[in-house]
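Structure record follows, encoded as structure tokens.
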Amino acid sequence: MMNQDGYLSAVLGQALLGTSIAGLGGLDDLAMYAEGGLPARVVDMIPDTAVSRGVEIEGDDRVGGELDRLKALPALADAWRWARLTGGGAIVVIARDGGSLRDPLNLEALDQLLELKVFTLDDVSATEKRYADPNEANYGMPELYRVRTQAAGVPSAEFFVHESRLIEIPGDPVPAKLNRKGIPWAGRPAVSRAFRAIRRYGEGLHWALRLLEKKQQAVHKMKGLADAIAADMEGAIRKRVEMVDSVRNALNGVAVDAEDDYQILTSDMSGVKDTLAEFQIALAAETGIPVTQLFGRSAAGLNATGDGDLEALYNTVAMGREVKVNPALERLVSLIRAQRALAA
């Protein structure tokens, strides 16, 4: 019986034994997003497109200036991207109204909005303090939230904020019994299934590359190979294989013993391109973003202009903006108009 370890040592060499290739499969969703590239594009494209052309506020030009001062559109885009990634985003309104963060926002004494702070759903949790009047629409809703601050090199801390000082961007709908945090606007991440599709696509690219590497496979038949391995001559066999491969690389030709045989086998790569294209289509279906926009490809086919794909993207953006961003923007505009500094 041939010694398998001896065969691997002779043919592959010790440097290649135990080699493994790491990819996206070992990363969680947050780590994948932090790596950038396609995962970040899937999360960011829709929120960034939604705010890229700005907003038009009718009736008072000063509101637009306040939105710029507060960097409101970038804050809304960030909150929406965290909602897509974690299931919810929150904007904490820092205001000068004579109260602390844990007190209800006093609109009558609201002097000025100072800053907008954005947090993910993972940073926010509801406290046990909830509205207790069954005659009110907010009955049972959280009145006070706990918010954790996390930054590189800074010890984590937390503070409490009243719900009137928090503007939420909800996650995608989820049944109430599956709400994991007891927060009414908490939902499911929009990109969980898309990230699984990205992992599959990454695996497809990996194996396509491996097939390309092995497209031309050298087969070296050596007389007495099994006997040489049994005689612990792996080093001599490996040296012989390396000599033949190095000569082929340098001269595009080889010289072998008359009793040996050396062949180059070419693998068939047909179907790989179509398979990768199907992975891209599956990813586009999970994200709602057309393949042409997601991968930067030109529209294919006769008379294809890409206008339909662009319209599909804008429809997806408009629908999400109507549900996610506009309610938050309307609330923020109402706070801006309530400022004493603006009314003066």
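Miscellaneous remarks
- Ordering SER125, SER52 by accessible surface, largest first, gives SER52, SER125; the 1.4 Å probe counts only protein heavy atoms, with every chain in place.
- Taking the Cα centre of the range 38-84 as origin and assigning +1 to Lys and Arg Cβ atoms and -1 to Asp and Glu Cβ atoms, the resulting dipole is close to 320 debye.
- Accessible surface ranking that places the most exposed of PHE119, PHE195 first, with a 1.4 angstrom probe: PHE119, PHE195
- Using the Karplus relation 6.51 cos²θ - 1.76 cosθ + 1.60 with θ = phi - 60°, the per-residue 3J(HN,Hα) values for the range 310-315 come to 5, 5, 5, 5, 5, 5 Hz, with x marking Gly and Pro.
- Computed over protein heavy atoms with a 1.4 angstrom probe, the accessible surface ordering of LEU205, LEU283, largest first, is LEU205, LEU283.
- With all protein chains modelled, accessible area of ASP29 [1.4 Å, Å²]: 40
- For a modelled paramagnetic label at ARG130, 7 Å from Cα along Cα-to-Cβ, the residues of the range 165-191 in reach, with backbone nitrogen under 20 Å, are 165-171, 173-188.
- Taking trypsin sites (Lys or Arg not before Pro) across the range 163-217, the ones in a DSSP loop with at most 15 further Cβ atoms lying within 10 angstrom of their Cβ are ARG180, LYS181, LYS214, LYS215.
- Maximal additional length on extending the LYS223-ARG193 stretch stands at 5.5 nm, based on 0.36 nm per residue less the C-alpha distance.
- Cα-centred dipole magnitude for the range 98-200, charges only on beta-carbon of K, R (+1) and D, E (-1), debye, nearest 20: 980
The values are calculated or read from the model by the stated rules, or taken from the named source; none is laboratory data. Since the model is a prediction, treat every value here as computed from it, not as a measurement. Positions of Cβ are backbone-derived with ideal geometry, glycine not excepted, and every protein chain shown enters the neighbour counts. The protein model used for the area step is the full one, side chains on, heavy atoms only, and it has no ligands, DNA or RNA in it. Shrake-Rupley method; radii C 1.70, N 1.55, O 1.52, S 1.80 Å.
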